[in-house]
Amino acid sequence: MKHGTFLTAMMAAVVVMTACGAPPTQPKPPVVQPPVIIDPPPPPPSPTFTVTKIMAFGDSLTEGDPPEPGEVRLMPAHDPSTPGGRTSYPYKLSTILKTTYTEQAAQIQVFNLGLGGEQANSSVTRARLSDALAAHQPEVVLLMHGTNDLLAAAPQNATVDAVEELIKIAQQHPGVQRVFLASLPPQLPSTQRITYPDDVPIYNDRLRNLALATGAKFVDIFPNIDTQTMMDPDGLHINEAGNQRIAEVFYAALKPFYHRDPQ
């Protein structure tokens, strides 16, 4: 065999052996990267409320648990160191504050000092307010009073003077920053108890002037109550939807003074 022929044959044999017997080249498995764990962003900071003790003072419209006709209470039906029953406006206000200012929820306190059947023009009422201020040390007082005086057809001059005394008692108490004086909600002539529903707007106008004279902040509840959907059948007391609205109106009055956006 010639030398060139031999080399050609050997090369051909190598090619055949490589094609037939050599294992195919396996691809390398992909490199699996560990998952990247991204921490969730921190929750946005909560706004703050610059007061944490609020006291609501008044009659059954504040208490939220109306007395039976003719019932006279010496003490509220609830613990006055709490916001009271779940349907009352102080409880609804407490809920608004705690869900809005979440970082302060444990510190915010709303005291329900409503007492069904109480009249504003009474030495007992003035003493009760003084005792409540001393017991709870509020920074803000919400005052809505005089309903039972109107129902008893008491002279409006005397009732307005009595409310003025209550405002001054609260304003003079150490720690009280501001008194919010509310108008009364509407009354409907649906029962024998309500004889002069038209007296309410007249009384409310006098309360507005009283707030200006005393430096109290006037909160107009009357136009915010829908008499078709927010009142109890007795035409006097407010149902849960109405109390929710009263709480919202009070919060709207409080917010410009005490709300602080997060920095």
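The values are calculated or read from the model by the stated rules, or taken from the named source; none is laboratory data. Please read all numbers here as calculations on a predicted model, not as lab measurements. Glycine also receives a Cβ, built like all others from the backbone with ideal geometry; neighbour counts cover every protein chain displayed. The protein model used for the area step is the full one, side chains on, heavy atoms only, and it has no ligands, DNA or RNA in it. Shrake-Rupley method; radii C 1.70, N 1.55, O 1.52, S 1.80 Å.
Structure above, values below:
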{"quantity": "Difference of contour (0.36 nm per residue) and Cα-Cα distance, residue 214 to residue 127", "calculated": "29.3 nm"}
{"quantity": "Highest-fluctuation residue, 39, 234, 205 considered, GNM on the chain with Cα pairs under 10 Å", "calculated": "39"}
{"quantity": "Contour minus Cα-Cα distance for residue 252 and residue 222 (0.36 nm per residue)", "calculated": "9.3 nm"}
{"quantity": "Extension reserve of the residue 82-residue 50 stretch, reckoned as 0.36 nm per residue once the Cα distance is removed", "calculated": "9.5 nm"}
{"quantity": "Label-point gap, in nm, between residue 95 and residue 261 - each point 7 angstrom along Cα→Cβ", "calculated": "2.8 nm"}
{"quantity": "Of all accessible heavy-atom area on the chain, the percent that carbon and sulfur account for (1.4 Å)", "calculated": "59 percent"}
{"quantity": "Folded to 0 to 90 degrees: helix 240-258 orientation relative to the chain principal axis, Cα", "calculated": "80 degrees"}
{"quantity": "Residue-normalised accessible area of region 74-201, given per residue in Å² at a 1.4 Å probe", "calculated": "43 Å²"}
{"quantity": "Fraction of beta bridges assigned by DSSP in the chain that are antiparallel (%, nearest 5)", "calculated": "15 percent"}
{"quantity": "Reach of residue 98 by Cα under 14 Å, taken over aspartates and glutamates that are not fewer than 8 positions away in the same chain", "calculated": "248"}
{"quantity": "Choice from 247, 106, 132 with maximal GNM fluctuation in the chain (Cα, 10 Å cutoff)", "calculated": "106"}
{"quantity": "Contact order relative to length of the chain, as percent, for alpha carbon pairs under 8 angstrom and 6 or more apart", "calculated": "20 percent"}
{"quantity": "Karplus-derived HN-Hα couplings along region 217-225 (A = 6.51, B = -1.76, C = 1.60, θ = phi - 60°), whole Hz, x at Gly and Pro", "calculated": "8, 7, 10, 8, 7, 3, x, 8, 9"}
{"quantity": "Candidates 60, 130, 94: whichever shows maximal mean-square fluctuation once the chain is modelled as a Gaussian network with Cα springs under 10 Å", "calculated": "130"}
